[in-house]
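Input: a single structure, listed below in structure tokens.
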Amino acid sequence: MANKIYIFDTTLRDGEQAPGMHLNVKEKLEIAHQLQKLNVDIIEAGFPISSNSDFEAVKEISKLIRDKSIAALARANFKDIDSAGEALKGAANPVIHTFISSSDIHLKYQLNKSREEVLEIAAESVKRCRKYTDNIEFSAMDATRSDKEYLAKMYEIAIQNGATVLNVPDTVGYALPLEYSGLIKYLLDNVKGIENVIISVHCHNDLGLAVANSILAANMGAKQIECSVNGVGERAGNAAIEEIALIIDTRKKDLNFYTDLNIKEIARTSSLVSSLTGYLIAPNKAIVGKNAFSHEAGIHQDGMLKDRSTYEILKPEDIGLSSSKLILGKHSGRHAFVKRLVDSGYELNDNELEKAFERFKSLAEKKGVINDNDLKAIIQNEIRKEAEYFKLNYYHILSGTNLKSTSTVGIELKGKLFEAVHFGDGPVDASFKAIDQITKINAKLVDYNIEAVSEGKDAIGAVKVVINCNGVNVLGRGISTDIIEASIKAYINAMNKIVENKDF
Ligand code: KIV
Ligand code: ZN
């Protein structure tokens, strides 16, 4: 009989450790709700001791998502564990995930402790977790570069003190697939009591092997895979959930295991995470890249026209990509609009629906036809936006050849209009400087990206900016058929997040 593989999603924890990524509580909650629809088994919601917003996110997710296990990370010390326990208090099924390094390299250079001391800390920490929950995951950090006998001893001690899941992280993404699955076999054969716990695998992608390592480990008997949406995570990231899901589903006849993932939610989950994190997806990314289902070469197109099975092992519909051809335009009514939203999986409250319909109508007026990507951009960038403290009222640009660009911007703040005019290197720079003059927020632009949401001259431009305020990166998003307006909206959106976020 096929074995179930538990999917432990770490997008909101390891994923959020990716360079330059910062999600606020509302954004984390939105992703958590989508992970619920994707039907992951465990949501690792954050690292509560690391910041107020991580603590709040774990608390809120625990309160609102009742049918999933919610995990929180804690280093192997009482302060971290108590904070994780506290944040998880309201969870229906809380998991404390505690970790300490096991490799000699980490013991010597990072912990400056002996092997015996670290075993003692591991034991005490796992024991402490029991104050809060019976679901305890223990990770031996840098497991793949550790002495195997010492690693087995550490896991044995974790089991004796109450760990129910043993995680085997390939922290630096160094292991080769056969080596990694060999390590799982070694642990299965050498750790006393291992038959009573779940082995989890957590692979980083530094050498591009995270997914292969995870699949081979599951083949060897690991029962839980830790992964993240679009593979986001520290450095080169973690194993990508969409690849794990589709490998297991596509090759189910050859692999003796399955997941409970609802793969029809893959496309939507991937696009939500990309949009909220600002981490764009490479066009050739497996499963969710925009070319994953495109066929350009004549010989491939010929084959596809004769029979899809010639060059297609996955169908776009399998992962929830729409094949719908219904056109929405300026003559479309509310009924068709609501139906398309429902078909696309959006659940809006009355207020959001009202705003979305108004926005759709004004965009359709300018653009004519509104496609699924436009619709997605409206919902993700405008309707679910945080409260606007600063609100764009108008902008005027003077720009051209041999002319220093000048921007005049009017921003509403608590019902009053504030205006500023500034020169700059181009209209975007001039506008950002004018906005700085009004908001008086000391932030530095660290990234700017513009992307066409759909095809054609009238495509919506989606702008993402990352600004740094007191060492924390904040992402702002804006859309418009006018790219200067989209840029200004993105910049103001980031400023609003700075004002809203208690962590800065
Ligand atoms: O990669 C790693 O080792 C981790 C641990 C905290 C499990 O993320
Ligand atoms: Zn990790």
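The values are calculated or read from the model by the stated rules, or taken from the named source; none is laboratory data. Since we're looking at a predicted model, the values are computed, not measured. Note that we place each Cβ from the backbone using ideal geometry, even for glycine, and neighbour counts take in every protein chain shown.
Within the stretch 236-283, work out how many residues are closer than 21 Å to Asp67 by Cα and more than 15 Å from the chain's Cα centre (by Cα).
8
Go through the residues of the stretch 135-151 one by one and say whether even a single one is part of a strand (DSSP E or B), away from ligand 1 (no atom under 13 Å from the Cβ), crowded, with 18+ Cβ neighbours inside 10 Å and under 29 Å from the mean Cα position of the chain (by Cα).
Narrowing the stretch 135-151 to residues part of a strand (DSSP E or B): 136-141.
Then keep just the ones that are away from ligand 1 (no atom under 13 Å from the Cβ); that gives 136.
Now restrict to residues that are crowded, with 18+ Cβ neighbours inside 10 Å: 136.
Those left that are additionally under 29 Å from the mean Cα position of the chain (by Cα): 136.
Yes; the residues of the stretch 135-151 include at least one that is part of a strand (DSSP E or B), away from ligand 1 (no atom under 13 Å from the Cβ), crowded, with 18+ Cβ neighbours inside 10 Å and under 29 Å from the mean Cα position of the chain (by Cα).
Looking at the stretch 12-46 only, could you name the residues that are under 20 Å from Ala92 (Cβ atoms), assigned to a loop (DSSP other than H, G, I, E, B) and within 14 Å of ligand 1 (Cβ to nearest atom)?
Leu12, Arg13
Only residues that are in contact (Cβ under 8 Å) with a residue 40 or more places away in the chain and more than 21 Å from Ser271 (Cβ to Cβ): list them for the stretch 357-406, please. Show your work before the answer.
Step one: list which residues in the stretch 357-406 are in contact (Cβ under 8 Å) with a residue 40 or more places away in the chain, which gives 363, 366-378, 380-382, 384-392, 395, 397.
Those that are in contact (Cβ under 8 Å) with a residue 40 or more places away in the chain and more than 21 Å from Ser271 (Cβ to Cβ): Lys366, Gly368, Ala387, Glu388, Tyr389, Phe390, Lys391, Leu392, Tyr395, Ile397.
Looking at this structure, is Asp67 surrounded by fewer than 21 Cβ atoms within 10 Å (Cβ to Cβ), closer than 24 Å to Glu347 by Cα, in contact with a strand residue (DSSP E or B) (Cβ under 8 Å, 6 or more places away or on another chain) and at pLDDT 95 or above?
Working: surrounded by fewer than 21 Cβ atoms within 10 Å (Cβ to Cβ): yes; closer than 24 Å to Glu347 by Cα: yes; in contact with a strand residue (DSSP E or B) (Cβ under 8 Å, 6 or more places away or on another chain): no; at pLDDT 95 or above: yes.
So Asp67 fails the test.
Can you tell me which residue within the stretch 158-173, out of those that are aliphatic (A, V, I, L, M) and closer than 16 Å to Ile199 by Cβ, is nearest to ligand 2 (Cβ to nearest atom)?
As a first pass, look at the stretch 158-173 and keep what is aliphatic (A, V, I, L, M): 158-159, 163, 165-166, 168, 172.
With the extra rule that they be closer than 16 Å to Ile199 by Cβ, the set shrinks to 158-159, 163, 165-166, 168.
Details: Ala158: 18, Ile159: 22, Ala163: 18, Val165: 15, Leu166: 15, Val168: 11 Å.
That would be Val168.
What are the residues in the stretch 431-453 that are in contact (Cβ under 8 Å) with a residue 40 or more places away in the chain and surrounded by fewer than 15 Cβ atoms within 10 Å (Cβ to Cβ), if any?
Val446, Asp447, Asn449, Glu451
Give the stretch 201-240 a look and list any residue that's among the charged types (D, E, K, R), assigned to a loop (DSSP other than H, G, I, E, B) and either within 12 Å of ligand 1 (Cβ to nearest atom) or not assigned by TED's automatic domain parsing to the domain that holds Val165 (or both), or say none. Please lay out each step first, then the result.
In the first step, residues of the stretch 201-240 are kept if they are among the charged types (D, E, K, R); the result is 206, 223, 226, 234-235.
When the remaining residues are screened for being assigned to a loop (DSSP other than H, G, I, E, B), the result is 206, 223, 234-235.
Answer for the stretch 201-240, where residues must be among the charged types (D, E, K, R), assigned to a loop (DSSP other than H, G, I, E, B) and either within 12 Å of ligand 1 (Cβ to nearest atom) or not assigned by TED's automatic domain parsing to the domain that holds Val165 (or both): Asp206, Glu234, Arg235.
Taking the options Val409, Val428, Val421, Val466, name whichever one is modelled with pLDDT under 95 and surrounded by 14 or more Cβ atoms within 10 Å (Cβ to Cβ). Explain how you work it out, then say what you get.
Values: Val409 fails: modelled with pLDDT under 95; Val428 fails: modelled with pLDDT under 95; Val421 fails: modelled with pLDDT under 95.
None of the others qualify; the one that does is Val466.
Would you mind telling me which numbered condition in (1) surrounded by fewer than 22 Cβ atoms within 10 Å (Cβ to Cβ); (2) closer than 19 Å to Ile5 by Cα; (3) within 13 Å of ligand 1 (Cβ to nearest atom) Lys185 fails?
The failed condition is (3).
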